[in-house]
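The structure under discussion appears below in the form of structure tokens.
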Amino acid sequence: MSNKGKMRLGAFFNPTGHHVASWRHPRSQADAGINFQHYVEITRTAERAKFDMIFFADNVCVREANMEALSRSAQYIANFEPLTLLSALAPMTTHIGLVATASTSYNEPFHVARKFASIDHISGGRAGWNLVTSGQEAEAKNFGREKHYAHGERYERAREFAQIVTGLWDSWDDDAFVRDKASGQFFHPEKLHPLNHKGENFSVRGPLNVPRTPQGRPVIVQAGGSDDMIKVAAEFAEVIFCAPLSLDNAKKFYADLKGRVASHGRDPDQVKIMPGLSCIVGRTAEEAQEQYEQLQSLIHPMVAREILSMVLGYVDLSPYSMDDPMPQNLPQSNLSQSTFQYVMDMARNEKLTIKEVALRVAGARGKAVVKGSPQQIADQMEEWFRNDGCDGFNLMPPFLPGGLDDFVELVLPELRRRGLFRTEYEGRTLREHLGLVRPPSRYAAARDPVPSYA
């Protein structure tokens, strides 16, 4: 059992909450996706609680599903563009990290580098980029493609994309801009570095037209669990959002990824692994169970089946009855292979029907869900943290704002009583919150010896 000090906590804000029926809950904001004041309030709640960061996922299409099911769902339908939202939230806050997704599949590296560098400057060093590939076939059709990139192709593109973005963030030395009115010197020409990248997928000359940022570069976050994703994460990511459903799986993932990070000559302690966790909190276990049953009762069966189909990669479940055992011969899709395997293993090991799997998965879309008293939830979080299953958690409130309020009011005091979570921020930047070093520019680093962690 390790003693790692304080755990890291992010707040993953799906607009109305992560439970598929969250928008129907009496303590949720039904129009959350386009309600800016809602985002201001929940972000300020997370900041008062001293969370490391907030996080927004994204997709660039309206989710495709059976229209009757889609019309009963609020998940990935109509929401703010997340980088625009982060820019608006930056002046409303002072400390909390601001992280959002920008896909490497349907963006250009120069755009992503410029936007996140701008947010890092606007926020005073609190920006983070969630580096992911797009997962939905429908996104391709919004960008002149009939077919989505194949799984391996997506990650080859992502690796080159990350190389370019990190290179562009080093376009200027930290002290390039003197802005000396007396001499008339605005910047030192020798401290400007064009990238001149030519690769398989991209050709980008650079330099970036934004100075080096307060954090040196925004924090790079990555989400997912496939082997292709882990390869990219080991090379570039500083925070990993993942979805193991048991402590054993979490420990295996943690050890594997930290080992791969070291194989790239990187310090494993400079990569924080934060599984998604959706908490249904009651003052007692019985109260939490009542809340869970209330939430589950709001799920329409058609929506549950469609969400299960989406989590499995849009597998067609229509030939089966909801009371049939979960079939084990379903085709593996081009989407998240790790999530597919988690769900199929769960169904097989527990001998679940399609309906049972659908209702369980639909609530938090395949991520870990815990319910109980504050002490019970803190027990599970501490067990994972102390036994090298994680460095912290990416909290996924089941409904918003109520689910976040419950966690902050009931669970955080228990974590603090155990010495597991901060009472005050240690600094002002996201890197300082996470205990990550400010990386030197590659041009400065080339002049200094690099430590090896292999």
Enter the accessible area of Tyr342 (Å², nearest 10), with the probe set to 1.4 Å and all protein chains included. 50 Å²
Leaving ligands, DNA and RNA out of it, report the carbon-plus-sulfur percent of the accessible area of the chain at a 1.4 Å probe. 50 percent
Chain lengthening between His197 and Asn66 when straightened (0.36 nm per residue, less Cα-Cα): 42.8 nm
In nm, to one decimal, how far is the Ile77 label point from the Phe177 one, both placed 7 Å along Cα→Cβ? 4.3 nm
Net lengthening on full extension, Gln37/Lys351 (0.36 nm per residue, minus Cα-Cα): 108.6 nm
Taking the solvent-accessible surface of protein heavy atoms with a 1.4 Å probe, what is the per residue accessible area of region 43-126 in Å²? 37 Å²
In deg cm²/dmol, rounded to 500, what helix-only [θ] at 222 nm does the chain give when every DSSP H run of at least 4 residues adds -39500 (n - 2.57) and the total is split over its residues? -11000 deg cm²/dmol
Report the extension gain between Thr84 and Thr423 in nm, rounded to one decimal, defined as 0.36 nm multiplied by the number of residues separating them, less their alpha carbon distance. 119.0 nm
Suppose all protein chains stay in the model; what accessible area per residue would a 1.4 Å probe give for region 213-291, in Å²? 33 Å²
Taking the alpha-carbon set of region 323-443, what are its Rg and Dmax in Å? 19.0, 61
Of the listed pairs Lys115/Lys231; Lys115/Lys147; Lys4/Lys258; Lys4/Lys251, which have alpha-carbon separations greater than 21 Å here? Lys115/Lys231; Lys115/Lys147
Accessible area (Å², 1.4 Å probe, nearest 10) - Arg305: 60 Å²
Against the longest alpha carbon principal axis of the chain, how many degrees, from 0 to 90 and to the nearest 10, is the axis of helix 301-311 turned? 40 degrees
Sorting His111, His19 by accessible area (1.4 Å probe), largest first, what list results? His111, His19
Once the Cβ-Cβ distance between Asp267 and Ser321 is put in as r, and R0 is 51 Å, what FRET efficiency do you end up with, to the nearest 0.05? 0.45
Using only Cα atoms, find the angle between the long axis of helix 337-350 and the longest principal axis of the chain, and express it within 0 to 90 degrees, rounded to the nearest 10. 30 degrees
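The values are calculated or read from the model by the stated rules, or taken from the named source; none is laboratory data. Treat the numbers as computed from the prediction; the structure is a model and nothing was measured. Neighbour counts run over all protein chains shown; Cβ positions are idealised from the backbone, glycine included. Quick note on the areas: whole protein, heavy atoms, side chains included, nothing else; ligands and nucleic acids left out. Shrake-Rupley method; radii C 1.70, N 1.55, O 1.52, S 1.80 Å.
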